[in-house]
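Reading through the structure tokens given below for one structure.
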Amino acid sequence: MRVSFVLPSDASTGGVRVVYEYADRLVARGHDVTVVVPAVPPYPLRLLREQGPLTVARKALDASGSGGGVGWETDAEVLRLPALRRPFLDRIPEGDAVVAPSWRSAPAVARLPESAGAPFHLVQHYEAWALWDDEGCWRRAERLATERDLPVPAAMAAIEPGLRLRGYKRRVDDALSLSTRKVVVTAWLGTVLDRVFGQDSTRIPNGVGHGTFYPDDGSDHVGEEDGRRDDGDTDLRVLAPYRTTEWKGTADALAAFRRVRRERDDVRFGMFGPSGGASDLPSWVEFHGRVTDSRLRRLYSTADVFVFPSWVEGFGLPPLEAMACGTAVLSTAVGVVRESTDEGALTVPPRDPEALGEALAGLLADPGRREAVAATGRDTVDRFRWRDAVPALETVLAGSDAAAGDGHTAAGGIDRGTGRVGADTHDRGDTT
């Protein structure tokens, strides 16, 4: 089978990582796979503001057409294009299936000729990012969720935002309304497509790299920076991701840390992530910056609790990675944690830093509970394997979803202009 994945950019994100996981594993199964990477992403206003039009134009001119130059190692062919526009799109090879992993590349995929392959959209989030950072949008979504018995994230896709965000949301919604075949990574995204856009989807949860993430106490590595505990080190360790985007919940994690720190002095706090803005972190938070997979594995493994504070997630790989490393996970009830982890993580409502702090204090005070949560987490994460996800996607791309997970069939729907839920709709998402 000949498959192309059309990225909107080559950014270092979880969604892009998922694409390269699929690409490499499909190559290993004997398929011809091309990853298409534009030098200039669709809707490049932010890039233009940050780097200037001359730099952006130079990037487009320097796009080489094929070969390396991307920030990921891959066994797939890489096709670099100046932009996802004609005539550059004509360079995408003929194939059997072409996949957009983001709303930003979905319109380009939908415009490709039939010779490029059947068009698919791998929906990994409701990517109207600005809505998740807007308090007014959250209030509207929470009201609609209560009124219509919807998950709050699904309700966000149904609201009518203020005028400032209306055009932006419309572009996202128009991309999700295209006649591409949809694959979702969690049930709530299937609910969005079903009840908001009246579209079917097939659910295929992501896998976890069990060959990369496993218990590793750092005993074979030299240096405290690698996560090794020194002899006699009895302090408890808490780890969380650091992100500058508000809906990732970094401020909530810090509030929970402060709650614990007021009560005890034997806990060490750490964060990892991009360095932008990290200078504002308190001095008592050890910041690890961007880390390699091997170092992240050791950080997970030597933490007593991993805190995942996001307000919303399309899927949310970090909690599963921490579970695979044998760490007790405290997470907001979002993404795959909300739907599939049973008792594999201790969960609290999102956007509630007080509940997060109380749960963290309780978990740190109870070694038996931490061990029980960690043990259940190890059992839970064993269900998320690429060896299951890749054949399922392979089956869907080949034209049959009989073995690929839950389907979501359109019924009724939500009037996107008013947010009304049709009387005959219901949530078909499997949240167990």
Item to check | Subset of the range 295-322 [of a type in the set (Phe, Trp, Tyr) and closer than 21 Å to Thr234 by Cα] | outcome: Tyr300, Phe306
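Among the residues of the range 108-140, write down those that are within 30 Å of Leu89 (Cα to Cα), part of a helix (DSSP H, G or I) and of a type in the set (Asp, Glu).
Glu114
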Checklist entry - Within the range 301-322, is even one residue small (Gly, Ala, Ser), surrounded by fewer than 20 Cβ atoms within 10 Å (Cβ to Cβ) and within 24 Å of Cys137 (Cα to Cα)? => result no
Item to check | Enumeration of residues in the range 291-348 that are charged (D, E, K, R) and either closer than 19 Å to Val185 by Cα or without any contact (Cβ under 8 Å) to a residue 60 or more places away in the chain (or both) | outcome: Glu313, Glu321, Arg338, Glu339, Asp342, Glu343
Item to check | Subset of the range 77-107 (residues that are over 16 Å from Lys182 (Cα atoms) and part of a helix (DSSP H, G or I)) | outcome: Phe88, Leu89, Asp90, Arg91
Checklist entry - Any residue at all in the range 162-182 that is touching a helix residue (DSSP H, G or I) at 6+ places or on another chain (Cβ under 6 Å) and of a type in the set (Lys, Arg)? => result yes
Checklist entry - Which ranges mark the helices (runs of 4 or more DSSP H) fully within the range 290-403 that have 1 or more residues being farther than 13 Å from Phe213 by Cα and not assigned by TED's automatic domain parsing to the domain that holds Pro119? => result 335-340, 353-364, 367-381, 386-397
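Rundown of residues vs (1) closer than 22 Å to Thr395 by Cβ; (2) exposed (fewer than 15 other Cβ atoms within 10 Å of the Cβ); (3) modelled with pLDDT under 95, yes/no style:
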| position | (1), (2), (3) |
| --- | --- |
| Asp32 | yes, no, no |
| Leu47 | no, no, yes |
| Gly71 | no, yes, yes |
| Val99 | yes, no, no |
| Ser102 | no, no, no |
| Phe120 | yes, no, no |
Item to check | Filter result (free of Cβ contacts under 8 Å to residues at least 24 places away in the same chain and either among the polar types (S, T, N, Q) or closer than 20 Å to Arg351 by Cβ (or both)) within the range 156-179 | outcome: Ser177
Checklist outcome for this item: Restricted to the range 349-371 and to residues being of a type in the set (A, V, I, L, M, F, W, C) and in contact (Cβ under 8 Å) with a residue 24 or more places away in the chain, the residue nearest to Arg261 (Cα to Cα) is Ala361
Next on the checklist: Of the residues Thr186, Thr180, only one is polar (S, T, N, Q) and either farther than 22 Å from Val334 by Cα or assigned by TED's automatic domain parsing to the domain that holds Val336 (or both); which?
Outcome noted: Thr180
Checklist entry - Do you know which residues across the range 9-36 are polar (S, T, N, Q) and more than 23 Å from Trp129 (Cβ to Cβ)? => result Thr34
Checklist outcome for this item: In the range 132-150, anything buried (at least 24 other Cβ atoms within 10 Å of the Cβ) and in contact with a Lys or Arg (Cβ under 9 Å, 6 or more places away or on another chain) is listed as Leu150
Next on the checklist: Please go through the range 111-137 and give me each residue that is more than 14 Å from the chain's Cα centre (by Cα) and over 24 Å from Pro161 (Cβ atoms), ordered by number.
Outcome noted: Arg111, Leu112, Pro113, Glu114, Ser115, Ala116, Gly117, Ala118, Pro119, Phe120
Checklist entry - Gly65 is checked against (1) in contact with a strand residue (DSSP E or B) (Cβ under 9 Å, 6 or more places away or on another chain); (2) at pLDDT below 95; (3) not in a loop (DSSP other than H, G, I, E, B) and fails just one. What number does that condition carry? => result (3)
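Every residue, every condition in (1) surrounded by fewer than 14 Cβ atoms within 10 Å (Cβ to Cβ); (2) among the β-branched types (Val, Ile, Thr); (3) in a helix (DSSP H, G or I), yes or no:
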position: Asp233; (1), (2), (3): yes, no, no
position: Arg237; (1), (2), (3): no, no, no
position: Trp247; (1), (2), (3): no, no, yes
position: Phe257; (1), (2), (3): no, no, yes
position: Phe269; (1), (2), (3): no, no, no
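The values are calculated or read from the model by the stated rules, or taken from the named source; none is laboratory data. Note that the coordinates shown come from a computational prediction; the quantities given were computed from them, not determined experimentally. Methodologically, a virtual Cβ is constructed for each residue, glycine included, from the backbone with ideal geometry; neighbour enumeration extends over all protein chains shown.
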